[in-house]
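The values are calculated or read from the model by the stated rules, or taken from the named source; none is laboratory data. All values derive from a computational prediction rather than experimental measurement. Backbone-built Cβ (ideal geometry, glycine too); neighbour counts: all protein chains shown.
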Amino acid sequence: MVASRPSLGYTWIVHEVLDELGVRSDLLAPQQLSDLDELGYCRFDGFLTGDQLDAALGEIEALLRVSGRQGGTLHLKGLLEAGKMFDPLWLRPTLLAAVRHLLGPEFRISEMHYRAGKPDHGGQALHMDTPERAEPGRWQVCNAIVALTAFTPDNGATRVVPGSHLDYGFVPPRGHEDHPDQVLLLGPAGTAWLFNSHLWHSGTVNRSRATRHAVLTGFHRRDGGTALLDRQPSNATIERLGSAAYLLM
């Protein structure tokens with residue numbers, strides 16, 4: 001399904017939904033707003049509590065046991081419907097306020113997936129998550145990444161090139177090579193970042209001896225030309241989240 005331009009009536013409903021979820025622009029610090037605009041990403045310290053981390057990691061371990069054989073980078077999809085332990089990773093007024101700042105109020109959550117690079121794996125070439133170039137006021141996609149274990153300089157932390165979302169002549173390096181302006185997203189377990197998916201970014205190779213665990217949640221602007229998931233959430237998910245959160249799906 002391809003998103004079409006919402007009607008004025010729908011726009012009003014979206015504003016009501018965000019109000020009901022407690023989403024306000026004053027939830028974000030001035031530095032976070034500046035970072036989103038100028039750098040292309042912002043940071044949320046202490047985004048998850050220890051109990052929330054344990055619940056998410058415990059469920060991920062259980063899902064991995066039944067998911068079948070995995071390669072050097074572990075993947076799990078469909079976490080939006082996997083259970084309540086994943087709700088705190090996205091259903092947060094501060095995070096949704098940052099998404100609204102980037103995409104405007106007419107956005108939807110499109111996916112939530114787990115990605116974890118095992119030792120000596122996880123590296124990617126710098127890329128954007130959409131082939132479409134955009135500009136302020138017309139950004140189409142953004143992603144939240146939550147560190148379920150600490151992101152360190154040697155365990156495969158995500159790298160970004162600050163400001164590259166505004167550089168329409170940006171030329172990425174070849175293959176997995178470093179870029180001179182790249183920055184690693186580093187922080188303890190429970191830290192989260194929201195980044196504009198028009199920003200050049202990638203995973204890096206895990207040089208440590210332990211797997212680096214993270215969950216990524218994607219958001220799309222509804223009036224763009226990006227293909228969105230059209231699978232309806234289950235009745236159990238709708239009942240768990242409530243009508244306001246369901247309308248964001």
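The single condition among (1) assigned to a helix (DSSP H, G or I); (2) closer than 20 Å to Gly104 by Cα that Ala236 does not meet is (2).
Being modelled with pLDDT under 95, under 20 Å from the mean Cα position of the chain (by Cα) and among the aromatic types (Phe, Trp, Tyr): is that true of Phe86 here? The answer is no for Phe86.
If you check Gln182, Gln140 for being touching a helix residue (DSSP H, G or I) at 6+ places or on another chain (Cβ under 8 Å), polar (S, T, N, Q) and within 26 Å of Asp45 (Cα to Cα), only one passes: Gln140. Every test in (1) of a type in the set (Gly, Ala, Ser); (2) over 16 Å from Thr149 (Cα atoms); (3) surrounded by fewer than 16 Cβ atoms within 10 Å (Cβ to Cβ) is passed by Gly58 save one, and that test is (2). Within the bounds of region 194-213, is there any residue that is of a type in the set (A, V, I, L, M) and under 23 Å from Asp37 (Cβ atoms)? Yes, because at least one residue in region 194-213 is of a type in the set (A, V, I, L, M) and under 23 Å from Asp37 (Cβ atoms). Counting the residues of region 219-249 that are more than 19 Å from Leu102 (Cβ to Cβ), modelled with pLDDT of 80 or more and of a type in the set (Lys, Arg) gives 1. When restricted to residues that are in contact with a Ser or Thr (Cβ under 7 Å, 6 or more places away or on another chain) and modelled with pLDDT under 95, region 4-49 contains 0. For region 32-46, the condition holds for at least one residue, the condition being that it is touching a Cys at 6+ places or on another chain (Cβ under 7 Å) and without any contact (Cβ under 8 Å) to a residue 40 or more places away in the chain.
What number of residues in region 188-202 are within 13 Å of Gly123 (Cα to Cα) and either crowded, with 22+ Cβ neighbours inside 10 Å or in contact with a Phe, Trp or Tyr (Cβ under 8 Å, 6 or more places away or on another chain) (or both)? First the steps, then the outcome.
Going residue by residue through region 188-202, those that are within 13 Å of Gly123 (Cα to Cα) are 201-202.
When the remaining residues are screened for being either crowded, with 22+ Cβ neighbours inside 10 Å or in contact with a Phe, Trp or Tyr (Cβ under 8 Å, 6 or more places away or on another chain) (or both), the result is 201.
Total satisfying the criteria: 1.
Filtering region 191-229 to residues that are in a loop (DSSP other than H, G, I, E, B), under 24 Å from Ser110 (Cβ atoms) and not basic (Lys, Arg) leaves Thr191, Ser197, His198, Leu199, Trp200, Gly203, Asp223, Gly224, Gly225, Thr226, Leu228, Leu229. Taking the criterion of being of a type in the set (S, T, N, Q) and farther than 26 Å from Gly123 by Cα, the residues of region 33-86 that qualify are Ser34, Thr49, Gln52.
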